[in-house]
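Below you'll find the structure, written out as structure tokens, and then a few comments.
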Amino acid sequence: MSKPTQTRRGQRYLGDDNNMIVHDLERAKGSCEIDEILDESRGVRFEPDTLEQAEHERFRPCSRCIV
Ligand SMILES: [Zn+2]
């Protein structure tokens, strides 16, 4: 399942609820705009915190930080 989050702390993946893209916080680039996602309350976290779970919830992997 996914839940709104305001922080990147303690998690590996962050979903953008606006465009349904998931980012890998360990490899995210400035162009991923993670701070903007969090500031605008568009961020979701996944339980469990895996790429498979994110994709299961129809999030697409970011082409900048995942591949
Ligand atoms: Zn990204």
- Message: Where the second residue is near the ligand (Cβ under 8 Å from one of its atoms) and not charged (D, E, K, R) and the first is more than 15 Å from Val67 (Cα to Cα) and lies in region 25-37, which pairs have Cβ atoms under 6 Å and are six or more apart or on separate chains?
- Response: Ile34/Ala28
- Could you look through region 25-54, keep only residues that are more than 18 Å from Gly10 (Cα to Cα) and within 11 Å of the chain's Cα centre (by Cα), and pick out the one that is nearest to the ligand (Cβ to nearest atom)? Cys32
- Of the conditions (1) outside any loop (DSSP other than H, G, I, E, B); (2) in contact with an Asp or Glu (Cβ under 6 Å, 6 or more places away or on another chain); (3) farther than 13 Å from Met1 by Cβ, Ser31 fails just one. Which one is it? (2)
- Residue list for region 14-24, filter: away from the ligand (no atom under 12 Å from the Cβ) and of a type in the set (D, E, K, R): Asp17
- Message: I'm trying to understand the selection: among the residues of region 55-67, which are of a type outside the set (A, V, I, L, M, F, W, C), within 16 Å of the ligand (Cβ to nearest atom) and assigned to a loop (DSSP other than H, G, I, E, B)?
- Response: Ser63, Arg64
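Where a number appears in this text, it was derived from the coordinates with a stated rule and is not lab data. This is a predicted model, so every value here is computed, not measured. As a convention, Cβ positions derive from the backbone with ideal geometry for all residues, glycine included, and neighbour counts pool all protein chains shown.
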